[in-house]
Structure formats: structure tokens, C-alpha cells
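The structure under discussion appears below in the form of C-alpha cells.
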Amino acid sequence: MPYKVSIHTKYALIIWLISIILVFIMLSVFYFVAHKDALSLKASLQNQYVSNYELDHEKKIKQLSGFLSHLFFDLLYELNIEGMDQFIEKIKSEMDVSAIKIADSTGKVLTEGTYENASPGSYIDISKLQPPNALALVISKTTTGHMVLFPIGLNKNTIGYGQVEFSDKPLADFLCKQDEILNEGWSAFSSRLFQTGLIILLVVIAVSIIFSVVLSRRLSAPLKELQNAAMAVYNGKKSQPIPVRGNDEFSNFIRLFNEMTAKIANYTEELEISVKERTRELDDNTQIQQVINNILKIAIEPTPLKEKLQNVL
């Protein structure tokens, strides 16, 4: 015989599953929103640091360019290429500088401080540093950092130009470190969120089981009463009216069922009375028939009339 699941068990399972699904959706949405906010915060912090780095780096570049302008003046004035190479090598070792070029007053490169020294003979663009719209220095953005072009001179007497390419490696290192810190923080937050969500989910499961069982019994109780009443009618017993609670469609159905069973009971009672009356009539007719039969029997027998009448009466 196949196992039958009661209706309140079905209600309990449905309510329990709906509760679990709703909690899972809420936790998923919360995680998605938190992750989105974390990424937004991370991008905001990075943009803020880059902006601050740009301003601070630009100030340092201007200060350093003025210092190098005065420092290279004597070496360029004396055309001390070896001295300039040594100084360029020292700057590269102590600062985040990837390339330095020193040019004469025409923009022709004299040295770049490397062993190959491949740039001499080439020219750098010095148009923005020359009259009539001469600038104190030109700072431009490159793929690896910032490039600054500055005049080399003393008391506005320009004898050459310097081009220094500053590396943004410190910025990249800091952003990488900051990214690691944020990722570690997010991992810790995700772990705590998962643990908290798991606890909430377990609590909701326990509460939903209790709530679903109670609610399912409350919902299935009228159906159980209706089933019992229908079985009573089916077995020919007189069922008690089912209590009507509320004024919804199911309550109206129970009310109609009560009216129907009452009409059936009345019809059955009237039918029983009618059957009894009919039976009584049949019994009376049977007795009359027996009297008639007796009269006929006595009338046929050869006995005195007085005895016949006594037998009849």
C-alpha cells in the first residue's frame, strides 16, 4: 500500500521550503550588495590615493627639478660628461628614476648616463620651454610614470635642458599592498558573513519548522473535520455541524456542507417516518386480510351459525 502524506505535512513542507528559499535569497542579495559596496569602496580609496599621490608627486618633481637644474649647471658648463654620468647613476640608485637625459641649449642629447649611451645625437622637444611662451618646466604622463623637462641654468641663463622620467613603481607597490589588505579584509568579512548567515539559516530552519507545523495544522484542521463529517455521512451516521470560522471561500464551503448534511438528515428522517407509516399500513392490511380469510373459512365449514360468529368475533 503506497504511503500517503497527510495534508498538514504537505503544508508544513511547503511553508518550510518557502521560508528557506526566502532566507537564502535575502542572504544572497545582502552578500551581493556588500560585495558591490566593497568594490566601490576599494575603487574610491584607490582613486583618492592616486589623486593625492599625483599632487604630492608633482610638488616633489618641481622641487627636485629645481635642485637638478642647479646641480647639473656646473657639469654641463664644463661639459663634464663623465661627471654627469656618475651623478646620473647615483640619482638612479637613490631615487625612483628610470631615465635621465642631459641636452645642450639646442636640445641635442649629450648623455643619458648609461654604458651604451645610445641617445647622444638625438634631440628632445624643448619648444614649450622656449620663448615666447616659455614654461618653468613641463610634466607629462607616460606609461610607466611621469616625465619632466626642465631648463638647466643659473639666473635665467639657460645652457641646456634635462629630461627625467620618474617611475610610478612606489604607487603601484602601494596599490598592490592596499589591494592585498582590502582582499584580506573582504575575506575575513566574507567568512564572518558566511558564519553569521549559516547561524541565521539554522535558526530560521528551526523556527520555520515549528511555525510551519503549527500553521499547517491550523490550516488542515477544517479539512480534517470536513473529511470526518463526510465519512460519517458516507457510513450513514448523523454528523455534527462543522464549526464555521471566518468568512472566506472555505468557510462558505463548510457552511454549505453543513446545510447539505442537515437537509440529508431531514430527508432521511422523513423517509424513515414514511417507511414506518407504510409498514404500519401494510401490517393493518395484513390483519384485515387474515380476518377476511378467517370469515371465509368459517363460512365454508359446516358448523352452527352461532359458533361461526363466535369464532369470527
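The values are calculated or read from the model by the stated rules, or taken from the named source; none is laboratory data. Note that this is a predicted model, so its numbers are computed, not measured. Glycine also receives a Cβ, built like all others from the backbone with ideal geometry; neighbour counts cover every protein chain displayed. Side chains are part of the model used for accessible areas, which takes the heavy atoms of the whole protein and leaves out ligands, DNA and RNA. Shrake-Rupley method; radii C 1.70, N 1.55, O 1.52, S 1.80 Å.
For the reader, a short list of remarks on this structure follows.
- In sequence order, region 35-47 has phi-based couplings of 5, 5, 5, 5, 5, 5, 5, 4, 5, 5, 5, 5, 5 Hz under the Karplus curve 6.51 cos²θ - 1.76 cosθ + 1.60, θ = phi - 60°, and Gly or Pro positions carry x.
- Distant-in-sequence amide contacts of Thr142, defined by a placed amide H-H separation under 5 Å and a gap of 5 or more residues or a different chain, comprise Met147.
- Label point at Phe189 placed 7 Å out along Cα→Cβ; residues across region 21-36 whose backbone nitrogen lies under 18 Å: 27-36
- Built amide H within the under 5 Å cut-off of Tyr161, gap 5+: Ala103, Asp104, Ile152
- Two-site FRET efficiency, Leu175 against Ala38, from Cβ-Cβ distance with R₀ of 22 Å, rounded to 0.05: 0.85
- Accessible carbon and sulfur surface of region 63-204 relative to its total accessible area, %, 1.4 Å: 58
- A dipole drawn for region 137-252 from +1 and -1 charges on Cβ atoms has a positive end, and of Thr142, Phe166, Ala206 the residue lying farthest that way is Ala206.
- Interchain or long-range residues, amide H under 5 Å from Ala99's placed H: Glu165
- Cross-link pairs exceeding 29 Å between alpha carbons, from the set Lys42/Lys128; Lys10/Lys263; Lys60/Lys90; Lys108/Lys156: Lys42/Lys128; Lys10/Lys263.
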